[in-house]
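Comments concern the structure below.
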Amino acid sequence: MSEGDDNIPSLTDTEKILWRATESDFAAMGEALCNGTTTPDDVEGAFARLLSMDYDPHKHRNALHVPADAGEHAAVIETILRRIPDGWGRWLSVDAGWYPLVIATDARLAALHPRYRVHQIKEKFGTLRYYWWPADGQTLSPELSAALDAVVEDAERASALICERCGQPGVLQQSRRAWVETLCAFCAAALGYLPVQPH
Ligand SMILES: [Zn+2]
């Protein structure tokens, strides 16, 4: 295992490529299962690739998973991933349209509490969930905790208006399987989602 001086393991290029191939196998399998078009060969192929990986779950979870589509944001996303402690999984579970919002949220949190930690950054029910944690060994005042909570609540509200795929203005959209995602009209049409009707 190659490790930096901070003990965060690095995936080799081969491991990264294998991992992305496996993720795409499983995404395709999930879609095929939903559409009813999956075949036993699809499932067998996806699992065969996973089993052939010589997979080390601890190394995988603790390695930095800068998204392949991070582009110009790669360096700052890496600094955010480095805030995640061992065992939580150093990746973002959101799509590229929200990377600027994630980065702006990190900047606001860091201005209040420079060594704050991140537990998870993910999408849930179509909006951004950004789970911060105090720096190691620090107890925060209730005022500071409330200020940090207010930042992530702002980010959650803002995410409801930003397409998670492309970053254009978006609204909550629903797939025919009732999965929800905040999307612009263009991305929604491409993915077969329709706006959620207010009740
Ligand atoms: Zn979009």
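How many residues, within region 181-199, are farther than 14 Å from Cys34 by Cβ, more than 9 Å from the ligand (Cβ to nearest atom) and surrounded by fewer than 16 Cβ atoms within 10 Å (Cβ to Cβ)?
Matching residues across region 181-199 total 7.
Does Ala178 satisfy being loosely packed, with under 12 Cβ neighbours inside 10 Å, modelled with pLDDT under 95 and aliphatic (A, V, I, L, M)?
Answer is yes for this residue.
Show the residue pairs that are 6+ apart or on different chains and have beta-carbon atoms under 9 Å apart, the first residue being within region 12-24 and in the same structural domain as Gly45 (by TED's automatic domain parsing), the second being in a helix (DSSP H, G or I) and of a type in the set (Gly, Ala, Ser).
Thr22/Ala46
Could you check, for region 20-41, whether at least one of its residues is within 29 Å of Leu109 (Cβ to Cβ), surrounded by fewer than 15 Cβ atoms within 10 Å (Cβ to Cβ) and of a type in the set (S, T, N, Q)?
no
The values are calculated or read from the model by the stated rules, or taken from the named source; none is laboratory data. None of the values given here were measured: they were computed from a predicted structure. Positions of Cβ are backbone-derived with ideal geometry, glycine not excepted, and every protein chain shown enters the neighbour counts.
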